[in-house]
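Okay, structure first, notes after.
Nothing in this text is a laboratory measurement; each read-out follows from the coordinates by a stated rule. Everything numeric in this text was worked out from a predicted model, so none of it was measured. Backbone-built Cβ (ideal geometry, glycine too); neighbour counts: all protein chains shown.
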Amino acid sequence: MGFEFDLAIVGAGPAGGAAAQAAARYGLRTVLLDEQPKAGGQVWRASSAAILAAPSTPEKREGDRFRGELAGANVQFLSRTRVWHIERNDAGWRLGVVAPSGSASVTARGLVIASGAQERVIPVPGWTLPGVIGLAGATALFKQEMIVPGRNTIVAGCGPLLFYVATEILRLGGRVAAVVSLNSRANWARALPAMTARPDLLMRGAHWMMSLARAGTPIYWQHAVVKITGTDTVEQAIVVPVDDDWAPRSGAAETVIDADSVCLGHGLVPSVDACRLAGADLAYRPELGGWVPVADTNGQTSVPNLWACGDGAGIRGVGAAR
Ligand SMILES: Cc1cc2nc3c(=O)[nH]c(=O)nc-3n(C[C@H](O)[C@H](O)[C@H](O)COP(=O)(O)OP(=O)(O)OC[C@H]3O[C@@H](n4cnc5c(N)ncnc54)[C@H](O)[C@@H]3O)c2cc1C
């Protein structure tokens, strides 16, 4: 049978968008599908149409440039279109999609899955209280709606996203009650030599730390939020020191911090549901975030005409995704 497209790409983030532009340059009839209203994925998420003017941030500038390039490419972009089903079809693919106009199907000879990552949140008692949101999820609030999670927020978990989220809350006029980092200062010091390979990111990190220092934001290094309390919403969080395995130190004193919201996050996990649905073999690779599709250096998976790329093929960040 004939296919509507040579190539279908699921996910219009940095990875899927770059794949679509490359495919179009080779003259392939290419369709790019994303459930979001605009291309950009997580890191370059576009602001909502209700926001008429937003201050320029590095993510906004990169995202606008990316969307401009994509608009100029010979790619059919189906936004607000969620791929809910994938099946092999005569040596090609049939995708079941839900779009604003209803459900439909799209056929293509080749399929690229660039579905990105999802956030890992290690639960603590009280994590389902209103006012607790994912750390990475908070970035969606900032970028799309310019909204802060609350009036007085604890930012807790691990990795650089902690300091980015805390700084963005301050920039948007919120207050950060505390940053609670599972990593120690020594962890960061050990990572410094490797980080010098990216002076731009190092500069951003320094800017975040200076913003927090200027605001007088307390940082609890090598601590964890172990409990969040409140009646109808977040009222307090209990914070304790942890050891190198992030287990609470026995007998250590607890600190109670008042807050109305908590951003909690412990890294990212590749979104492999679509690859699994398409029948790709998966392998457990902790250094890439967990289960990832088995793929060669071109992203070719164990299934013919199926490729995976970006964070969905292993957490490597935006630079590698593109
Ligand atoms: C919530 C969240 C926030 C993040 N914020 C940042 C940040 O602020 N800064 C940073 O450096 N990194 C951030 N990251 C990491 C970031 O995702 C990556 O480094 C980078 O965006 C990866 O690009 P990608 O193209 O692989 O995936 P993504 O950018 O995640 O793009 C994947 C796209 O696939 C779409 N998609 C997935 N499944 C389907 C489906 N079934 N049907 C249709 N569309 C689908 C999604 O809507 C998304 O647009 C964040 C990650 C998450 C999960």
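Considering only residues in region 58-76 that are free of Cβ contacts under 8 Å to residues at least 12 places away in the same chain and not charged (D, E, K, R), the one that is nearest to Y26 (Cα to Cα) turns out to be G72.
Of everything in region 303-312 that's touching a Gly at 6+ places or on another chain (Cβ under 8 Å) and assigned to a loop (DSSP other than H, G, I, E, B), which residue is nearest to the ligand (Cβ to nearest atom)?
First, the residues of region 303-312 that are touching a Gly at 6+ places or on another chain (Cβ under 8 Å): 303, 305-312.
Those left that are additionally assigned to a loop (DSSP other than H, G, I, E, B): 303, 305, 309.
On the way: V303: 17, N305: 18, C309: 7 Å.
Selected residue: C309.
Tell me which residues, restricted to region 55-75, are aliphatic (A, V, I, L, M) and more than 15 Å from the ligand (Cβ to nearest atom).
Here is the first cut: in region 55-75, the residues aliphatic (A, V, I, L, M) are 70-71, 73, 75.
Scanning region 55-75 gives A71, A73.
Residues are listed down the side, and each one gets a yes or a no for (1) free of Cβ contacts under 8 Å to residues at least 40 places away in the same chain; (2) farther than 20 Å from V303 by Cα; (3) touching a strand residue (DSSP E or B) at 6+ places or on another chain (Cβ under 8 Å):
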residue	(1), (2), (3)
A15	no, no, no
A24	no, yes, yes
A39	no, yes, yes
L52	yes, yes, no
R82	no, yes, yes
S101	yes, yes, no
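Here I315 clears all of (1) more than 15 Å from the ligand (Cβ to nearest atom); (2) aliphatic (A, V, I, L, M); (3) part of a loop (DSSP other than H, G, I, E, B); (4) under 30 Å from L95 (Cβ atoms) except the condition numbered (1). Does region 235-264 hold any residues that are among the acidic types (D, E) and under 22 Å from I133 (Cα atoms), and which are they? E235, D258, D260, listed by residue number. Of the residues A15, A19, A39, the single one that is buried (at least 22 other Cβ atoms within 10 Å of the Cβ), assigned to a helix (DSSP H, G or I) and touching a Gly at 6+ places or on another chain (Cβ under 7 Å) is A15.
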